[in-house]
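Have a look at the structure below before the remarks.
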Amino acid sequence: MHRLILTTALVGALATPAVANKVYVSNEKGNSVTVIDSETWEVMTEFDAGNRPRGITISPDGKLLYVAASDDDQVKVFDAETYEELYALPSGPDPELFVLHPSGNPLYIANEDDNLVTVTDTESHRVLAEIPVGVEPEGMGISPDAKWVVNTSETTNMAHFISTGDYKIKHNVLVDQRPRYAQFTDDGSLLFVTSEIGGTVSVMDIAADGTPTMRSKIGFELPGVLPEWLQPVGLKVTKDDKYAFVALGPANRVAVIDVERLEVVKYIIVGQRVWQMAFTPDQKYLITTNGNSNDVTIIDVADQEAIKSVQVGQQPWGVVVAPD
Amino acid sequence: MIQKYWYGQGGISGSLRSTLRNRGREDTLKLLRIMLFFGMLSWTAGEAMAVEVRAAVFRIDYPSLAPISRYDLVPEDIGFAGALLAQEDNMTTGAFLGHTYTLETIAVPPQDADDAFDALLAGGQSLIIVMANQDDLLRLADRAGDGVLVLNATAHDTALRNDACRANMVHIAPSRAMLTDAVAQFAMWKKWPEWFLVHGSNPADQLLAESYRTSARKFGAKIVEERAFEDTGGSRRTDTGHVLVQKQIPVFTQDAKRHDVVIAADESDVFAPYLPFHLWTPRPTMGSAGLRPVTFHAAHEAWGATQFQRRFEALTGRYMRQEDYQVWLALRVIGEAVTRTSGNDTGALRTYILSDDFELAAFKGVAVTFRSWNGQMRQPILLYDGRITVSVSPQDGYLHQRSPLDSLGLDEPESACDAFD
């Protein structure tokens with residue numbers, strides 16, 4: 001605690017005025033969203049969010065909170081300030097993960113049960129397209145220029161490159177078993193795809209026209225941890241494209257990858273069964289959801305160290321931080 | 001919706017009917033997939049090569065008595081329902097690669113098995129999933145000869161992974177040794193080392209009892225008392241059956257030496273479900289009743305299994321059984337090998353499946369792979385109480401130089417199989 005106060009004070013003194021951002025954590029089993037203050041790291045409140053909330057994101061203006069209520073077969077939209085449920089978007093059955101267009105519209109949703117990606121207009125609330133993909137679609141990544149949405153299918157073991165122009169799949173790349181997450185670097189030149197059961201992160205070079213080429217696969221190794229437990233799920237890349245953070249599920253670690261060398265440089269111990277992660281807008285902190293210890297871990301990004309854990313609801317799954 | 005599911009034979013459940021009503025939508029989806037498939041060929045013709053894969057599921061239907069519990073009534077589409085889902089999964093994946101799959105399913109009475117199997121072989125089938133007992137399986141595998149890969153989906157006999165192994169046969173079903181080791185590890189983790197073994201009198205029960213004796217030795221448990229429950233035939237389910245059971249079982253289990261747990265070895269389904277709550281000494285029951293080792297069950301939700309269960313239920317209108325899971329897994333093994341090798345040559349697929357490169361996600365937390373020394377699939381075993389997954393073996397702390405999964409069943413030095421050398 002002492003250290004945290006010190007850090008906050010330093011931030012206040014040296015950088016732009018510290019702005020508290022709300023951190024929203026979806027609790028899969030608790031059917032709720034926990035709200036945390038990013039300055040004090042105190043829980044502000046917890047509100048009902050439908051049945052089995054998993055994927056969670058926020059509009060670019062920070063006003064609308066989108067939650068995939070998987071067992072309700074819809075995406076619920078909440079007022080990010082009052083936590084009032086405003087309306088629900090049609091999502092197709094069993095929505096799990098989604099990604100929002102940087103402009104705030106549309107929302108690209110993975111429907112696990114139906115082997116579809118659904119594109120939903122966030123203003124008209126209409127379904128714009130349904131794109132058949134591989135078996136059990138989950139991971140959803142969008143390129144920085146918003147021309148490509150990449151969906152990963154967990155049983156087909158592919159990354160499907162969907163053009164946001166005509167909603168057609170232009171490329172399919174086979175990756176290792178059970179791909180869970182897709183993430184571009186900020187400059188759009190690399191794509192990372194995590195394979196949970198394969199235990200690897202596939203790295204693809206992305207050409208200017210969007211064509212992917214597999215460059216390498218990154219594996220994980222840690223003394224005293226069974227290789228079977230090193231299961232990469234969530235992945236986030238820093239804005240300067242220097243480091244990628246990979247949540248390793250039941251290994252209770254977040255791996256840090258040096259993006260230039262594509263090598264693991266550090267493992268950070270976090271809570272149990274770590275899956276999804278989100279940066280604060282200033283990228284000073286990374287928040288990880290730990291499903292089996294019912295908490296989130298706050299990682300200091302520059303120091304690459306865990307500084308605090310915060311108890312949230314039952315089985316935290318996803319996390320998003322409000323923009324400045 | 002779940003309550004409407006259909007367990008028995010004949011008839012169509014409400015859910016299945018609604019599934020049929022939804023067919024219109026699924027047809028549209030299929031059409032989309034087909035369009036996508038042809039579209040794919042046009043822009044990635046360079047890499048996607050058309051590959052056609054044929055596989056068959058061959059099931060021998062043995063005459064059997066009604067199970068003790070109605071929940072265990074065998075659906076007519078047992079195994080085939082899992083095949084149907086695997087076929088859809090493989091087709092969906094194949095659509096992106098130019099791979100197509102055709103599936104044939106055959107159910108025959110034992111006396112027709114050889115002729116029907118020969119007809120399959122004559123038709124050119126070389127990837128055949130077989131649901132049959134040990135003797136039939138061995139005879140069919142020998143009829144098939146080289147160039148055919150038999151995938152054993154349901155026979156648990158450890159001998160098939162030992163001295164009776166065949167080079168053209170891999171095993172999706174776990175061996176009895178794997179199942180009894182899974183129970184033994186949990187008992188030891190619980191610190192229940194003293195066992196009261198109750199076994200049936202039929203040959204399969206004897207084999208299962210022997211497997212529990214071996215597992216006890218392997219993991220340091222002690223069988224302090226052993227009793228045989230004679231199968232005297234007769235009606236199993238009567239209007240007041242429990243009245244007699246309530247009197248007989250306590251007497252049968254009276255005066256056993258001090259024990260931590262009762263291990264039931266009853267593959268014939270004659271008595272094991274009667275043990276819990278009727279024992280003379282109150283103790284937990286494991287094995288054929290109480291806590292049972294299974295490959296899968298319809299309530300399993302961990303590791304993404306929920307979505308798998310939902311896809312199966314929407315497609316078939318009933319809950320998934322172990323046999324369905326095992327046949328699904330067998331066809332997915334083939335599909336995965338085709339996807340990774342871009343070919344349909346049976347020999348090449350077999351080589352890939354048995355290699356270190358092969359791995360497959362199977363909704364059990366770790367990848368399933370094959371033992372190169374006897375063709376047995378490595379897989380976690382779920383411990384199931386009839387409602388939930390209570391635990392999963394291998395248990396924490398049972399380490400192995402290759403994989404913790406090799407702490408279950410015949411390890412390389414223990415297996416007398418030399419067909420894979």
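For the stretch A:152-183, the tally of residues that are away from every other protein chain (no Cβ under 12 Å) and touching a Pro at 6+ places or on another chain (Cβ under 6 Å) stands at 1. Is it the case that residue B:293 is over 23 Å from residue A:94 (Cα atoms), out of contact with any His (no Cβ under 9 Å at 6 or more places or on another chain) and outside any strand (DSSP E or B)? The answer is no for residue B:293.
Taken over the stretch A:176-197, the criterion of being within 18 Å of residue B:365 (Cα to Cα) and touching a residue at least 24 places away in the same chain (Cβ under 8 Å) is satisfied by A:176, A:178, A:179, A:180, A:181, A:194, A:195, A:196, A:197.
Taking the criterion of being crowded, with 18+ Cβ neighbours inside 10 Å, within 14 Å of chain B (Cβ to nearest Cβ) and either among the small types (Gly, Ala, Ser) or in contact (Cβ under 8 Å) with a residue 40 or more places away in the chain (or both), the residues of the stretch A:213-248 that qualify are A:232, A:233. Of the residues that make up the stretch B:191-199, is at least one within 23 Å of residue B:281 (Cα to Cα), out of contact with any strand residue (DSSP E or B) (no Cβ under 8 Å at 6 or more places or on another chain), at pLDDT 95 or above and not acidic (Asp, Glu)? So far as the stretch B:191-199 goes, yes, one or more of its residues are within 23 Å of residue B:281 (Cα to Cα), out of contact with any strand residue (DSSP E or B) (no Cβ under 8 Å at 6 or more places or on another chain), at pLDDT 95 or above and not acidic (Asp, Glu). The residue that is modelled with the lowest pLDDT, counting only those in the stretch B:244-266 that are touching a helix residue (DSSP H, G or I) at 6+ places or on another chain (Cβ under 7 Å) and either within 21 Å of residue B:390 (Cβ to Cβ) or surrounded by fewer than 20 Cβ atoms within 10 Å (Cβ to Cβ) (or both), is B:245.
Residue by residue, here is whether (1) of a type in the set (Asp, Glu); (2) under 30 Å from residue A:273 (Cβ atoms); (3) in contact with a helix residue (DSSP H, G or I) (Cβ under 8 Å, 6 or more places away or on another chain); (4) within 14 Å of chain A (Cβ to nearest Cβ) holds:
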position: B:312; (1), (2), (3), (4): no, yes, yes, yes
position: B:332; (1), (2), (3), (4): no, yes, yes, yes
position: B:343; (1), (2), (3), (4): no, no, yes, no
position: B:346; (1), (2), (3), (4): no, no, no, no
position: B:370; (1), (2), (3), (4): no, yes, yes, no
position: B:374; (1), (2), (3), (4): no, no, yes, no
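Residues in the stretch A:184-207 that are in a loop (DSSP other than H, G, I, E, B) and not hydroxyl-bearing (Ser, Thr, Tyr) were compared, and the one that is nearest to the other protein chains (Cβ to nearest Cβ) is A:197. Could you please let me know if residue A:72 is away from chain B (no Cβ under 12 Å) and within 28 Å of residue A:249 (Cα to Cα)? For residue A:72, the condition - away from chain B (no Cβ under 12 Å) and within 28 Å of residue A:249 (Cα to Cα) - is met.
Within the stretch A:128-151, the residues that satisfy the criterion of being facing another protein chain (nearest Cβ under 7 Å) and assigned to a loop (DSSP other than H, G, I, E, B) are A:134, A:135, A:136. Tell me which residues, restricted to the stretch A:157-175, are outside any loop (DSSP other than H, G, I, E, B) and of a type outside the set (Val, Ile, Thr). Passing the criteria: A:158, A:159, A:160, A:161, A:163, A:170, A:171, A:172, A:174. Residues of the stretch A:107-127 that are among the polar types (S, T, N, Q) and within 14 Å of chain B (Cβ to nearest Cβ): A:111, A:115, A:118.
Residue B:204 - would you say it is in the same structural domain as residue B:225 (by TED's automatic domain parsing) and touching a helix residue (DSSP H, G or I) at 6+ places or on another chain (Cβ under 7 Å)? Judged against the criteria, residue B:204 is not a match.
Of all residues in the stretch B:127-138, one or more are over 20 Å from residue B:110 (Cβ atoms) and at pLDDT 95 or above. Remark: residue B:369 matches the filter, which requires a residue to be surrounded by 20 or more Cβ atoms within 10 Å (Cβ to Cβ) and either at pLDDT 95 or above or of a type outside the set (A, V, I, L, M) (or both). Kindly check whether there is at least one residue in the stretch A:36-46 that is at pLDDT 95 or above and touching a Gly at 6+ places or on another chain (Cβ under 9 Å). Yes: the stretch A:36-46 contains one or more residues that are at pLDDT 95 or above and touching a Gly at 6+ places or on another chain (Cβ under 9 Å).
Every test in (1) within 14 Å of chain B (Cβ to nearest Cβ); (2) in contact with a Pro (Cβ under 6 Å, 6 or more places away or on another chain); (3) not in a strand (DSSP E or B) is passed by residue A:210 save one, and that test is (2).
Of the strands (runs of 3 or more DSSP E) that lie entirely inside the stretch B:327-415, those containing 1 or more residues that are in contact with an Asp or Glu (Cβ under 6 Å, 6 or more places away or on another chain) and in the same structural domain as residue B:86 (by TED's automatic domain parsing) span B:367-370.
Answer yes or no: is there a residue in the stretch A:105-126 that is farther than 26 Å from residue A:149 by Cα and surrounded by fewer than 16 Cβ atoms within 10 Å (Cβ to Cβ). No, the conditions are met nowhere in the stretch A:105-126. Tell me which residues, restricted to the stretch B:203-231, are β-branched (Val, Ile, Thr), assigned to a helix (DSSP H, G or I) and farther than 15 Å from residue B:287 by Cβ. None - no residue of the stretch B:203-231 is β-branched (Val, Ile, Thr), assigned to a helix (DSSP H, G or I) and farther than 15 Å from residue B:287 by Cβ, so the list stays empty.
Where strands (runs of 3 or more DSSP E) sit wholly within the stretch A:266-324, those with at least 3 residues that are in contact with a Leu (Cβ under 9 Å, 6 or more places away or on another chain) occupy A:274-279, A:295-300.
The values are calculated or read from the model by the stated rules, or taken from the named source; none is laboratory data. Because the structure is a prediction, the values reported are computed rather than measured. Neighbour counts are summed over all protein chains in view; Cβ atoms, including those assigned to glycine, are modelled from backbone coordinates with ideal geometry.
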